[in-house]
Every structure is written in C-alpha cells, then in structure tokens.
1. Hey, got the Cα dimensions of the chain along the principal axes, in Å, largest first?
2. Applying 1/(1 + (r/R0)^6) with R0 = 35 Å to the Cβ-Cβ distance of Ser93 and Asp381, what FRET efficiency is obtained, to the nearest 0.05?
3. Using every alpha carbon pair in the stretch 322-365, what percent of pairs falls into each 5 Å bin from 0 up to the bin containing the largest distance?
4. Which pairs, out of Lys4/Lys615; Lys417/Lys445; Lys322/Lys417; Lys417/Lys450, put more than 20 Å between their alpha-carbon atoms?
5. Rounded to the nearest percent, how much of the accessible area of the chain (1.4 Å probe, protein heavy atoms only) is carbon and sulfur?
6. At 4 °C and 1.567 mPa s, grab the translational diffusion coefficient of the stretch 204-276 from Stokes-Einstein with a Kirkwood Rh over Cα pairs, rounded to a whole number in µm² per second.
7. If you consider only alpha-carbon coordinates, what radius of gyration and Dmax does the stretch 1-136 have, in Å?
8. Please work out, to two decimal places, the log10 of the ratio I(q)/I(0) at q = 0.19, 0.25 Å⁻¹ from a Debye calculation in which every Cα of the stretch 90-138 carries one identical scatterer.
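The values are calculated or read from the model by the stated rules, or taken from the named source; none is laboratory data. Keep in mind it's a predicted model, so treat the numbers as computed, not measured. Please note: Cβ atoms are built from the backbone with ideal geometry, for glycine as well, and neighbour counts cover all protein chains shown. Only protein heavy atoms, including side chains, enter the accessible area calculation; ligands, DNA and RNA are left aside. Shrake-Rupley method; radii C 1.70, N 1.55, O 1.52, S 1.80 Å.
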Amino acid sequence: MKNKIKDIDYALVEGVRPPIYKAMKYWGKKPHNIWREYIKNYTPKGGIFLDPFCGSATSIFESLKLGITSIGFDLNPISSFIIEAITSDFDKSKFENELNTIVEHVRQDDTYKKFFYTESRHSETISEVQNFKWENNKLYELGIISNDKDNIKEKKYTAAPNNNDNNLINNFEQIKIEYSHPNEAFPTSPSFSANFINCIGGNNFSNLWTKRNLFVISFIFNDILNIKDQNIKKQLLFGFIQMLHLTTKMSVPRRAEANRPFSTSWGRSAYICCGRQMEMNPLLTFISSCLGKQSVESSLNNAKDYFYKEKIKLSNVSISKKDKNKSSGFDVKYGSVDINTIDDYIKDKSIDFIMTDPPYGGLVQYLDLSYVWLSWLQLYDKKYTPNFDAEITIKKNVVDESLYKSRFTNGLKKLHKILKDDGKIVFTFHNKDIKIWNIFLNSIKEAGFKIEKVIHQQNKRSGESVVSNPYGTSGTDFYIRCIKHNNDYQASNNSEFEHIVLQTAINLIARRNEPTPYQILFNGILAEISGKGFDVNEFDKNIETILKNYVNKIFILSNNNFSTSGKFWWFVKPNEYIKYPDRTLSDRVEDTVLQFLRRRQSISLDDMLGEIFIKYPNGLTPDTKSINFYLQKYATKSAGKWLYNALLVENEISNHTKILADLSEIGKKNKLDIFIGKREQWEKINTTTLATYATHLELKFLNFTKEKLDRVHMIDMIWLNKKNIEVVFEVENSTNLISAISRGTNLDKAILKIMVIPNKRENELLRQKDRMFLEQFKINNWKYLLYSDVEKLKISKQKIYLFLKDISG
Ligand SMILES: C[S@@+](CC[C@H](N)C(=O)[O-])C[C@H]1O[C@@H](n2cnc3c(N)ncnc32)[C@H](O)[C@@H]1O
C-alpha cells in the first residue's frame, strides 16, 4: 500500500539561489528550494515527476538533486539547450583553453583592433574599450580598460569620446561580416512594434546589434562552431547566448546614482529601444559570461556538486523520436514539446506528480523574447527553431483570449490523461489579471481537476507595498494543488457566490481582528472561492463590486497610508462579527517573533519566516516587512543573524512577571484562587516559575467552547472564587494598550477587568482617543491600576476596590 503523503498546507521560505541558477536569464524563475520540497514530498520513491512548462528547468535540476526521475518539456527550445548545457560533463581547463584560443583569435583581428581600441587617456598607448554609451545617436562616453603603462589604480575608467572614436562610427558600414548570423525580418508579433523597428534601424533581426558588435559576435560564433569537442562547444555556446542580449542596442546605461558605469541588463521583459544606449564590447561580455561570478564556469562547477550523481542519463525526444513507452532508463527526459501533444511522448497514467508554472496570459512573450538567443542557436542546430504557432499566450491580432483558453484547457486535459489516478498536480499562478485567473480556474475544472488547496506563497524579494495592480500583489504567488476529479461540478448561482464572498471577507477580517488592506482580503477570497468549484465566468459581478455593496452596512473603509495595497476594511459593528475576540494579528505576530527570539536567541530571517508562515497561513500571513520591523525592535543584526537583545527585553519581561507574582499573592490574601496565563506560566521568577503561584493551570471546568477557552487561557491573570471568575487582569508593561483589552471581551461584561500599567504609562492611557477602545473599556467594566498601587496593596490590608481608577475620571 502506498504511504499516505503529508500535504504541504502552508507557505515555505525562499532560499538564496545557488550559482547553478545564476548564469541563465529567464523570466519567472521559481524559488528552487520550495519547488524541491514539493517534488520531494509528492513524488513517491521510484516515481516520475513532470514539468510540462519547465522554462529555465529549475524543477528538473531540483529533481536531479533529489535523485528523482523527471520529465521536463517546454515549447521553448531554450529549455532543452539549458538542460543539455547544465548537465554536460565539465572539464574546466579544457573549457578555459578553448575560450582563450577564441579570445586571442578575436584580439588578433584587424577589425576588432580598429573598432574596440582607443587611445589611452593616461599614457601614450592604446586601450581596449569595454563599452560605448550613446544618447540620441551620439557617442557621449567610453568605458576603457586600463593597461600596465597607464600606471593608475583603477582597472577601468570612463572618458568622453575623442575625435578618433567619433570618426570610427562613420566607418561602420565598411565592416564586412563573413560569418553566419541571423538575417531575417522580425517575427510578426506585437512584441516588435513599428516604432521599435524604426528606432532599432529597420526590419531585420540583425539590427539589434551595431555593425561592429555583430561582426565580433558572428566571429566568436563561428569559432565556437568549429570546436570539435561537443561538450565544450555547447558550454561556450551557453556563455555566448548569455552575452547576446547584453550586447544589443536595447541595453541601457544605468543611472549615475547606481555608480555602475560598466554594467547593464535587459531590464524589462520586452523589446525596447531607448534614446540612451550602451554598446557593450561582445568579446569582454563573452569572457565574463564564461568566467567569474554568475558565469557558465561557476554554474557548471556548482552543477557537479549539486546533482545526486555525476553522469546524468538524458533522453531527448522530438517529433521523430517520441519514446512514448519509455518510462525508465533515464534521469531526465526532455524536449521542445507542445503541451497539446504531450500524450504522444508520455504513456497514459504514468506520471506520479506534476508541478508547473504555466504562462499567465500574455504577460511575458517567452518565444519572442527568447528569439534573441534562438535566432543564433538555430543556425547551430535546427532543433532550436521555435514553433511560434503553438505558444500558449495572448498576443494582439495573433492569439486572442479564447484561443489562449482552448490551448490551455486542452493542454491540461492531456495532463489529466497522463497523470496517475492518485497523482497530484500543483500549479503556481501569479494573479495579475482577474480575467486570466478566471480562465485558469475554468480550464482546471474543464480538464477534470479539482482544487484541493490554494496557498499564498509570499515572494521574499517583495512585500505588500510593491502592489501596483488592483488585482494582484507582485509579491505573492498562488500555489494551487489539485487532484483528479471526474464528477461534474455543481451549478451555482449568483446569490450563493455573493454569500461566500461576503462570508469569507467577514471571517478573514474577524480572524485578523484588525483593519485589513483590500489586497489581502482579495487574495484570501480568491483562494477560498477557487477551491469551492464556482464557475467564476458565470458571475458578472466581481469581488470588489460585491463587497462594495456592504460598505457602511457591514464594512467601513479607511485610508491606508502605509502601503499601496488598498484601503483598510473593518467592521461597522465589530462585536457582531468577532465572536471570540483575540488580540490584533499584528500583536500576535509580534508576540510570536519575541517568543521565538527568546527560545532560540540567535535566528536568521528565514528561520523566523518559516515559523510565521506555518503559524499564520494564507490570509493571516503578514507582510515580511513587518517581521523585519519586529526583529529590529527585539534583536540586533550581526553576521547575517538576528541576536536577541536579551538584557534589554528580559528586564521588561521580568517587570511584567514580578507584577503577576505580586498580584497572585494579593489575590491569595483575599482568599481567591489564581489562574495565570498559559504563556506566562513558564516565566522564571527567583528560583522557580510563575506556575507555582497559580492555583489553576487551565480552566476547562468553566465549560467554554474550545475557541473561547483558547482566548481566555491567554489572559494574563484571573482571580476565581470557587471556580467562578471574579477579576481579570491584563498587565501591560510595554505592549499595545488598545489590543490589551480584546481577550477580556470574551467574558461576561459584568466581570471586573483590570488593566495594570507602569506609572509612566498613565498619561498614555488617559490620552487614548480611539473611540472603540473607550467604548469597550466602559461597556466591559474595565478599570486600571498603577504598578505603585500594586506595591501598596502588597503591604496594605485594604481591599483592591479602593485603589481602582477609571479613565473617565
Ligand atoms: C511561466 S513560464 C515557466 C518558467 C519556469 N517556471 C522557470 O522557472 O523558468 C511558462 C512557460 O510556458 C512555455 N509554453 C508556452 N506555450 C507552451 C506550450 N504550448 N507547450 C509547452 N510550453 C509552453 C513558455 O515557453 C514558458 O517557458
């Protein structure tokens, strides 16, 4: 019998990318360690994992790390190229030798000598140029490599162009390019607008590069193609393609503030042509994409240690070699496969687990963008020619939404067919656009899958505040886990949908117990309703419209000045919706951070996030920025770790503990029984713990519901008279006064509740203006005591009632 898998039901913490992933540019790379956890958890021993949209093949390399047999397909032939390059045998010295031969060859060439050298600005010699910067077709700066005769400290420096540099530009057209290079019109696609084509210099792909750059690039390409050793050839081609995008006219110089005059990047996932351009020297760019940091060399060196074994068995499929029945004898099966034909390559019901990151509408035009590389690679091997016609995307006047939907749905149907009946599939999705989200949900359903769980996976590199779109946080991915499901979905109607949206919003705000930004609400609702199998397309109202109908009836809105994640939503009458009040989510999270620090003393941000993600899943997961804020409050950063500020914080805590000990003695003097809060019971005092001061360590005998009892157990102290609650205490040494009174609200209004504060906080309490706080204080019979009153009570015979104070004077 198969062992039951324990599901992953909460977000995981993203790790730092190892060098193996740093050489390759691709759009939408996924967090490697999180995917590894999923693949490990859901692929049984000896089973097969599949990623049909594997892109830069992260999932495949993680399977190789785990020793799990995998299949990695993508319509984009670049995936196959990356898999072949990264898994190839790497001989560092052979690689370096071949690279040096090419570099020397280029440097001997007269055209290179003429166009990529300038007079040194520090000696009577010539120097190699690393980059030329342009503005509106005029050269304005050169990045120059220093040479030995220059006698200066800097390895590189910038200078204005001299006459010779400017004159060379007029000679570009005389350059003769003898070697093969892309020489075709841009593909017909909105990615290449008329404006772009005009600005870049005309409708030919080769116009992406200046003539002198194209010359050097094709020279290097030709040299690589002449190498006999197939592995070295592929590895150098890998370095070659990484240089291609950086050396186009699309590269923009970084702003002066960045202080990086020698580097550039392909910043946006689009074909762009700006007034300011950076013409990078292809030879030097090639060298740095082959050697050094984030290079082919560092990536392949890392790959050697990364995989579970050295010799990887690859099985490449293609239209003429489908290998459908082959399900063993390889470590990785891969190829440029359209998902809509995937069942030609994989047997029915043979896959154990699928995890994949599908194309999100037309957000990124993968094939168009990759054509910068593929236009060259296809000259090396035809198998790298992309099949634009099968791409799942949305492109104006080429592929519309309905074609996207039918391609996507049919693709998913194929996945349903090849997945084992008890296999699971996890999709990741980035909800930029509600329309695409709806298509996605419907496709899942039509394909016969049923959503089992939706998890918000926060992206570490961004937080709530980077939200730019009303329907999505760029910081959150959804992980949607599905199982096979063959029954029809229940038809549902508008009022049912509206009811669920409203209830989910209410529950979410109530559980957080604090005004909640719209974005968090929206994500929570989306996750909830997606799992309920609603046919979202049937509903003409979207979530926001539904909720807006209840503004000023159920919800009130207030401005959010802290982030761009939308207005704060809260209740007009909180008591009606929050049945068992707890402290606010922010305060609970702060508590968790503090307790974790006290337990572990020294932690990394990742340790902390791991704890928080498990304890506060999905709609309760706080912004990672707030975690940083609490860490700063209680700890100091040192060598990448957070060290608990024990001296400072423990002093505060021991004040709190001492007051509780004093109060329990006063209670006992009054012949009352003492309960001390679950969290406080284990606080140390003298040589013992607070628990020894308590008569009761739990209050099950009160016969409360579990939720209510959970809240009551967190109250700092309760005095009881024969198992009846007589007085409730919250001691607020330094924590939030407003939040302090919420747990007491679970108890009868008539019960006396006392907030105990240091004398120095009295003014803060008396100046509270929060309307809700003042109301609750009054209605729930709250009074307050100062620490000095507790001191007096300890030695006095007078009753506590004589010392009580009220905020209304
Ligand atoms: C969001 S990306 C995946 C990125 C990947 N997770 C990574 O870490 O690099 C979606 C992928 O779907 C691929 N794709 C688009 N249409 C396809 C089709 N018909 N069949 C297979 N793959 C397709 C694209 O080439 C792209 O690589």
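1. Extents along the principal axes, in whole Å: 104, 71, 50.
2. 0.85
3. 5, 15, 25, 28, 12, 9, 6, 1
4. Flagged as over cut-off: Lys4/Lys615.
5. C and S atoms contribute 49 percent here.
6. This corresponds to a translational diffusion coefficient of 93 µm²/s.
7. Here Rg and the maximum Cα pair distance are 22.8, 80 Å.
8. -0.79, -0.95
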